[in-house]
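The values are calculated or read from the model by the stated rules, or taken from the named source; none is laboratory data. Note that the coordinates shown come from a computational prediction; the quantities given were computed from them, not determined experimentally. All Cβ positions, even for glycine, are placed from backbone atoms using ideal geometry, and neighbour counts span all protein chains on display. Accessible surface areas use protein heavy atoms only, side chains included; no ligands, DNA or RNA. Shrake-Rupley method; radii C 1.70, N 1.55, O 1.52, S 1.80 Å.
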Amino acid sequence: MAAPSEKIDFSSKQEPMLRDASSLKQGSISDDDREVFKANVDGVEYRTVTWQRAIVIFIKIQIATGVLGIPTALYNLGAVGGGICVVAFQALNLYTTIIAGNFRNNHPECHTIVDMAGVVWGPIGREFVGVIFVIAFIFCTSSSILAISIGLNALSDHGACSVAFTFVGTVLTIMFSCIRTWGKMTWPLTDQALANSHRIGFVSVMAGVLVVVIGVTTKSRPAAAPQTGPYELGFYAIAHPTFTAGITAACSIMVSSCGCPGYIPVIAEMKRPQDFKKAAIIVAALVWSICLSFSMVLYYWCGQWIASPSLGSAGPLLKKVAYGIALPSLVVSAGIFNHTSSKYLFVRFLRNTKHLQSNSMVHWSTWIGCNVGVGILAFILAEAIPVFNYILSLEAALFFAPMSLLFPACFWMYDHKEYRSGSGQQKMIYGAHVLLALIASFLVVGGTYGTVVQIKASYDAGQLSKVFSCADNSNTVGV
C-alpha cells in the first residue's frame with residue numbers, strides 16, 4: 001500500500017472532486033486538491049484538528065452509550081466469553097480502523113466511509129452505503145437520546161411524561177450538534193480550567209460509571225434483586241446462551257468498539273490526516289481497559305440484576321447521583337452522533353459549491369436543517385424502540401458490522417489486488433481479509449435475526465412499553 005505523503009500543502013482552494021485512479025497515479029492532482037475541506041479559506045476553517053484533539057473526539061465516540069450496555073451483555077455470554085468478545089472486538093476494530101484510515105488517506109477526496117465505498121463500488125455502492133451511514137448514526141443518536149430520557153426520569157422521580165423528556169434530550173442534542181467543526185466541538189469535551197487536559201464529556205460518564213461500580217460493591221446484594229430470602233445472582237464464568245441471546249449480546253459488545261465510521265469524518269478535518277494512527281491506538285488501549293474492568297466488576301457484583309443502561313444498577317439514590325454526573329456526557333454523545341450524520345448530508349448537498357465553507361445563508365440554512373431533520377428522526381426512533389440494549393444490538397448488526405468490519409476488509413482487498421495472485425504469504429494475508437469479511441457478514445445476518453427475534457418476544461410478553469409511551473422508562477417509580 002502506498003504510504004500517504006508526509007508533507008501536505010494546505011494552501012490550494014480548488015474544490016474537491018472524486019477522481020479516477022488513473023489520473024491519481026499520474027500525479028497530476030495533489031493530495032490537497034483532492035481534500036474535501038481547504039485550509040486558509042475566507043470562511044469556515046474546518047481542518048483544525050490535531051492528533052491530540054482527535055484523541056478527545058475519538059474517545060468520546062467510543063466511550064459513549066456502548067460502555068453502558070456491555071455489563072448486560074456479559075450476563076448472556078458469561079465472564080469468559082464476554083471478556084474474550086471485549087478484547088477481540090477491540091483489537092479487530094482497531095485494525096479495521098487503521099485499514100480504513102490508510103485507505104482514506106490514499107484517496108483524500110473521501111470525506112466519509114460513503115465516499116470510500118464510491119471509490120470501490122462506484123455510484124451505486126456510494127448511494128447504498130450512504131443510506132446505511134445516515135441510518136446508523138440516527139440509531140446512535142436515538143440510543144443516546146433514550147439514555148438522556150432515562151436519566152431525566154431517574155433524576156425527577158418520573159416527574160413528567162417520558163416522551164417530554166425524550167424531546168428535551170433531542171433539543172439539547174441538536175443545539176450541541178450544530179457546532180460546525182470538529183475542532184470547536186472539543187471545547188464542551190474539555191475543562192478549560194485544567195488547560196484542556198481533561199474532557200468533561202469523557203470524565204462525566206466515567207465518573208457516573210465509577211459511582212455505580214463503587215456503589216454495587218458496598219451492597220450485600222444487587223439493588224434490583226429480592227432484598228430478603230434466597231436469590232440467584234446469575235454470575236457465570238461460562239454461560240450457555242441461546243443463539244439469539246448470544247449473538248445479540250455479542251453485537252452489543254461489538255458496537256462499543258466500532259470507531260471506524262465515526263473516525264473518518266474527523267480524519268478529514270485533521271491538520272495532518274496521516275497522524276490519525278497515534279490517536280486511534282491510544283484510544284483503543286483506553287477503551288479496552290475501561291470497558292473490560294468496569295463491565296467485569298459490575299457483572300461480578302450484579303449478575304443478572306444489571307440495569308440497562310448500567311448506571312441504574314446501584315439502587316435509586318446512587319442511580320440519581322450517577323445520572324446527574326453522567327448527563328452532560330450523554331448529551332455530548334448524542335450531539336457527536338447527530339453531528340456526524342448531519343455533516344455527511346451537509347457535505348453531500350454543498351460539495352463543490354462556494355457555500356461549503358462560506359458563511360452564506362445557504363450554508364447556515366442547510367447545516368441547521370440537516371441537524372434538525374436528523375434529530376427529529378432520532379427522536380422518533382427512540383420512541384419506536386424504547387429499549388436501550390435492543391437499539392445497540394440492532395445498530396451493531398445492521399450497520400456497524402458492515403461499516404466497521406466488512407467494508408474495511410473490502411477496502412484493503414481493493415488496494416492490495418496483487419496479493420490475490422502473489423506469493424504464498426501474500427495469498428494467506430489476502431485470505432485472512434476474506435475471512436474477516438465472512439465473519440462480518442455472519443454478524444450482519446445472525447445479529448439482525450437474533451435482535452429482531454428478541455424484540456418480538458419481548459413485545460409479545462408485554463415486557464416493552466408501547467411506542468410514544470409516557471410510562472417511566474427508568475424503573476424509578478415504585479422502587
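Before moving on, here are some points about what is shown:
- Which of Gly208, Gly78, Gln274, positive extreme of dipole for the chain (C-beta unit charges): Gln274
- Dipole magnitude of the stretch 372-479, debye to nearest 20 (Cβ charges: Lys/Arg +1, Asp/Glu -1, about Cα centre): 340 debye
- With the simple model of a label 7 Å out from the Cα in the direction of the Cβ, Ser289 to Val362 spans 5.0 nm.
- Net charge contributed by nearby residues that have their C-beta within less than 14 Å of Asp157 (K/R +1, D/E -1): +1
- With only the Cα atoms considered, the stretch 285-367 has a convex hull volume of 149 Å³ per residue.
- Label corresponding to Rg and Dmax of the Cα atoms in Å when calculated from the structure given, among (1) 22.2, 77; (2) 23.9, 77; (3) 22.5, 88: (1)
- Each Lys or Arg adds one and each Asp or Glu takes one away; over the other residues whose Cβ falls under 10 Å from the Cβ of Ala117, this sums to -1.
- Per residue of the chain, the DSSP helices (runs of n ≥ 4 H) give a summed -39500 (n - 2.57) that works out to -22000 deg cm²/dmol at 222 nm.
- Distance between modelled label sites at Lys466 and Lys417, nm, 7 Å Cα→Cβ extension: 5.8 nm
- Each of the peptides 162-173, 324-335, 136-147, 244-255 was scored by the mean count of other Cβ atoms within 10 Å over its residues; in descending order, highest first, they stand as 136-147, 244-255, 324-335, 162-173.
- For the chain, the solvent-accessible area of protein heavy atoms averages 39 Å² per residue (probe radius 1.4 Å; ligands and nucleic acids excluded).
- Dipole size of the chain about its Cα centre, with +1 on Lys/Arg Cβ and -1 on Asp/Glu Cβ: approximately 320 debye, rounded to the nearest 20.
- The slack between Thr218 and Phe349, meaning 0.36 nm per residue of separation minus the straight C-alpha distance, is 41.8 nm.
- Pairwise Lys count, the stretch 50-461 - Cα closer than 22 Å, eight or more residues apart or different chains: 17
- For trypsin sites (Lys or Arg not before Pro), the sites in the stretch 424-466 that DSSP calls loop and that have at most 14 other Cβ atoms within 10 Å are Lys466.
- Centroid-to-centroid, using Cα positions, the stretch 36-113 and the stretch 257-293 are 4 Å apart.
- Charge sum, other residues only, whose C-beta stays under 11 Å from Met270's C-beta, Lys/Arg counted +1 and Asp/Glu -1: +3
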